[in-house]
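What follows is one structure encoded as structure tokens, with my remarks underneath.
The values are calculated or read from the model by the stated rules, or taken from the named source; none is laboratory data. Just so it is clear, the model here is predicted, and its values are computed rather than measured. Positions of Cβ are backbone-derived with ideal geometry, glycine not excepted, and every protein chain shown enters the neighbour counts. When the accessible area is computed, the model is the full protein with side chains, heavy atoms only, and any ligands, DNA or RNA have been set aside. Shrake-Rupley method; radii C 1.70, N 1.55, O 1.52, S 1.80 Å.
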Amino acid sequence: IFGEQRKNSAGINIDIESEWRPFSESIQTFRQHQWQAGPIVNGEILTGETLAITAPYDRREAVGSVVFANAEQVEKAISVAAEAYPSWSQLPAAERAQSISRLGDLLEAHTGELVALCHREAGKTIQDSIDEIREAVDFCRFYAAQAATDFAEPKQVIGFDGTTKLLSYQGRGVFACISPWNFPLAIFLGQVSAALAAGNTVIAKPAEQTSLIAFRAIELMLEAGVPAGVIQFVPGTGAEVGASLTSDPRIAGVAFTGSTETAQRINRTLAARDCEPAAFIAETGGQNAMIVDSTALPEQVVRDVVRSAFASAGQRCSALRVLFVQEDIADRITALIKGAMAELSVGRPELHSTDVGPVIDAGAREKLLTHIESLKNQAKVVAQAELGEACLHGDFVAPTAFEIGSIEMLKNENFGPILHIVRFKASELEQVIDQINNTGFGLTMGIHSRNERTYCHIERRARVGNCYINRDQVGAVVGVQPFGGQGLSGTGPKAGGPHYLYHFTKDVFNA
Ligand code: NAD
């Protein structure tokens with residue numbers, strides 16, 4: 001059912017007129033559309049008090065409304081999912097996979113609407129929104145294909161006496177999937193499709209900022225044939241809905257992506273339960289660095305630095321936060337960064353000319369502005385992009401680059417378009433690697449060097465999940481660049497990689 005060779009989806013190239021024009025018309029249809037979302041329990045959309053959703057790039061623009069799940073609805077969702085688990089887990093893996101793969105097709109068929117929704121609710125640029133939908137499609141097809149092949153038959157284990165034993169993989173029970181707003185469809189569906197394909201039933205809780213697109217995804221999932229008892233949708237805040245899910249003893253596993261602090265809180269909640277320990281998959285934040293030595297090509301470095309630090313308004317977990325530049329070329333690199341930042345266009349994300357859109361909400365904006373203000377007293381501003389009139393009514397933060405004395409000045413992840421530059425001497429390379437490792441985070445790292453011994457050495461010593469050499473450090477591709485961190489950046493396994501699905505299963509051995 002999946003063909004010999006699974007391929008990632010083609011997406012849409014907005015620079016090719018014949019691809020862009022019909023597609024832009026399909027987005028246009030949803031320019032004024034208002035979406036409604038609410039809890040979906042056993043296939044039924046539940047009602048309650050509605051909250052208005054507005055666009056991050058212009059808070060005067062209404063996008064729709066959402067009803068958050070109340071305690072009783074969350075309780076019912078868990079009961080329904082627990083009841084549906086035995087029959088779903090016993091279905092042949094290929095049958096489960098079929099409906100998840102069909103969801104990939106439905107997402108693709110609704111790309112215009114989903115791009116419009118992603119762009120208006122999460123404030124992503126059109127290109128980022130297209131990439132978002134593509135990644136979601138790829139996750140569905142990748143995990144479906146893997147489940148259908150890996151879990152079709154038990155694996156045979158031959159004993160020393162020649163007898164055959166069987167090792168099979170089964171779901172764990174009810175999985176809570178808790179996701180962030182920065183990949184509101186791709187990460188949301190990546191978690192959910194993996195948990196379902198592995199044979200679990202799921203309670204999906206999206207980030208409170210992006211409930212609308214997650215709701216549409218669940219509607220399409222039901223249309224694709226996932227049974228109503230198997231997938232429950234409970235939008236709401238982390239403190240209420242998230243916490244009541246993770247404290248419930250019927251939850252057999254939690255797939256979480258978000259900040260390190262929230263992962264630690266969930267870990268404590270799970271540990272305090274007086275029941276079977278739950279599986280916990282956490283993908284969290286980073287303090288991602290790039291090391292540039294004097295052999296690097298400055299123009300290439302600056303292209304990759306600007307993309308890694310400022311694309312998606314710096315709201316990617318993989319984004320570059322701290323750039324270490326060898327002293328010998330630091331003046332040249334900072335001058336080029338300053339020049340490139342002067343060209344950045346910050347504004348409404350639907351325009352092709354926009355490089356950097358808004359941040360997600362007023363809370364994020366305030367936090368980033370506080371960080372910028374406090375650094376202005378302690379560090380040198382290298383460059384700050386301009387915010388034009390188009391930014392007046394939205395939650396925008398001007399991309400800013402600082403030169404700072406040490407990475408140790410940064411205590412937390414600053415999740416937005418802020419770059420910190422640190423100079424180092426050639427003799428200090430080991431110290432630089434130690435300082436990066438000592439942050440405790442370990443998500444992505446970039447290296448720019450034409451010296452093979454240098455980049456191999458840094459790569460070997462760095463404690464990070466994903467290391468990128470002589471390129472940018474954002475935009476991992478499903479099935480090709482498995483993604484995930486270590487240390488404070490997450491438990492693993494890597495999403496979009498060969499081992500992810502197995503962490504949603506328990507293995508059963510029959511001797
Ligand atoms: P967040 O931690 O604030 O929220 C993430 C999710 O957790 C949301 O759905 C939220 O409602 C929920 N939540 C909050 N408190 C909870 C609680 N007590 N119990 C249960 N659930 C709770 O993160 P965010 O601001 O939505 O996302 C940005 C963060 O995500 C950044 O730190 C970023 O680095 C990280 N991230 C990591 C990856 C990765 O793959 N490593 C990918 C994307 C984002």
Alpha-carbon centroids, region 273-325 and region 336-409: separation in whole Å: 17 Å
Burial order of peptide ranges 207-220, 339-352 (average beta-carbon count within 10 Å, highest first): 207-220, 339-352
Placed amide H near G490: partners under 5 Å, 5+ positions off or other chain: T284
Span-like helix ranges in the chain, DSSP H, alpha carbon extent 27 angstrom or more, Kyte mean at least -1.0: 71-90, 126-150
Distance-filtered residues of region 384-402 - backbone nitrogen under 17 Å, label point 7 angstrom along R60 Cα→Cβ: 388-396
Backbone N within region 231-265 under 18 Å of label point (7 Å from L91 Cα along the Cβ vector): 231-233
For the chain, calculated [θ]222 nm from helices alone, where every DSSP H run of n ≥ 4 adds -39500 (n - 2.57): -12000 deg cm²/dmol
Extended-chain gain in nm, criterion 0.36 nm per residue less alpha-carbon gap, S294 and N510: 71.9 nm
Accessible surface, per residue, of the chain when the full set of protein chains is kept, probe 1.4 Å, Å²: 41 Å²
Whole-angstrom gap from region 76-91 to region 1-69, using each part's C-alpha centre: 28 Å
Proximal lysines to K411, defined as alpha-carbon separation beneath 28 angstrom and excluding residues fewer than eight positions away on the same chain: K124, K338, K367, K376, K380, K425, K494
Extension gain, A271 back to D328 (0.36 nm per residue minus Cα-Cα distance, nm): 15.5 nm
Using a Förster distance of 41 Å, the FRET efficiency for N8-S168 (Cβ separation, nearest 0.05): 0.90
Pairwise FRET efficiency - C456 versus M409, Cβ, R0 = 22 Å, nearest 0.05: 0.15
Stretchable slack from I45 to H352, in nm (0.36 nm times residue separation minus alpha-carbon distance): 106.9 nm
